[in-house]
1. Provide a single number: the residues in the range 32-66 that are of a type in the set (S, T, Y) and either closer than 23 Å to P259 by Cα or not in a helix (DSSP H, G or I) (or both).
2. Tell me which residues, restricted to the range 91-113, are under 28 Å from A38 (Cα atoms), of a type in the set (A, V, I, L, M, F, W, C) and not in a strand (DSSP E or B).
3. Could you tell me which of the residues R100, R65 is among the basic types (K, R), farther than 23 Å from L204 by Cα and at pLDDT 95 or above?
4. Could you list, in sequence order, the residues of the range 217-236 that are closer than 12 Å to G276 by Cα, among the β-branched types (V, I, T) and either under 14 Å from the mean Cα position of the chain (by Cα) or not in a helix (DSSP H, G or I) (or both)?
5. Determine, yes or no, whether S79 is at pLDDT 95 or above, closer than 22 Å to P201 by Cα, of a type outside the set (A, V, I, L, M) and surrounded by fewer than 17 Cβ atoms within 10 Å (Cβ to Cβ).
6. In the range 15-42, how many are crowded, with 24+ Cβ neighbours inside 10 Å and either of a type in the set (S, T, N, Q) or under 30 Å from E196 (Cβ atoms) (or both)?
7. Kindly check whether there is at least one residue in the range 6-25 that is hydrophobic (A, V, I, L, M, F, W, C) and closer than 20 Å to F257 by Cα.
8. List the number of the failed condition for V102; all other conditions in (1) of a type in the set (V, I, T); (2) within 13 Å of the chain's Cα centre (by Cα); (3) more than 15 Å from V130 (Cα to Cα) hold.
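The values are calculated or read from the model by the stated rules, or taken from the named source; none is laboratory data. All figures in this text were calculated on a predicted structure; none of them were measured in a lab. Cβ: placed from backbone, ideal geometry, glycine included. Neighbour counts: every protein chain shown.
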Amino acid sequence: MPLVPTASIVDAARAAGVGALAFNVIHLETGEAIVAAAEETGIPLVLQISKNCIDYHGGMMPLLRATLALAEDSAAGLSVHLDHLTDPDMIRAGVEAGARSVMVDYSDLPYEENVRATAELTAWCHEREVFVEAELGKVGGKGGAHAFGVRTDPDEALAFVQATGVDALAVAVGSSHRMRERTAVLDKDLVTTLSEALPVPLVLHGSSGVADEELAQVIAAGMTKINISSRLTTVFTGVVREMLAADPDLTDSRKCFEPARRAVTDEVARLLTSLGA
């Protein structure tokens, strides 16, 4: 079926007070696993491709085309999102190829430059009915620009949204990228304040480091889009590691990738039914 606009998934979740879950595609197997979970649960989701993953594959188009094909061949309600992109040419190429949303990430730039660059690309994306997410400041774990104690300022966030016209804002409320343990404690009061102050949905990056109960509470406080990546890679590699340890003679990667893919499907389905239903 045709791709679902990211805006429709996020807006419906926001209206219902549930999470709009977005899962990162690392390679074909994780993409297949995520799509299978959406089909099994009947809950729509967003397939994401990050700049780090694009760099790993040596370019955007092969993985993007494969992810688009997975989404279009599925009966589930799926969207494809480009995450943490900074190259305008890459953003335009991804949108022209079929991505339905993009995170324009100029959070490393000084505030005024962030506003200018984000507003310019947001206007271009909106002409093509593409949903735009941005980030003010920087969520921890990507070079240390924001430590755990740093928080998004509501007044600055409102000014940024008004100046850029973005459709969603990633905020710093206590999570961090690349956490391997689910121990982050989020600032739910700040989430409520931001949700009430901003006219756009809030996005939580670094959700893999947040326990289910904490995620449920932050969604109830006003968070909408929940990005998950490291949790899936941990599940996938855990199965692969166990199988290789159990059978040192195993050489066919499919023998361990198939159960690893199934484990990721089960985890995505569990997260969807607990947070996105």
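1. 2
2. Correct list: I91, A93, V95, A97, A99.
3. R65
4. Hits for the range 217-236 are T224, I226.
5. Here the answer is no, as S79 does not meet what is asked.
6. Residues meeting the conditions: 7.
7. Checked the range 6-25: at least one residue is hydrophobic (A, V, I, L, M, F, W, C) and closer than 20 Å to F257 by Cα.
8. (3)
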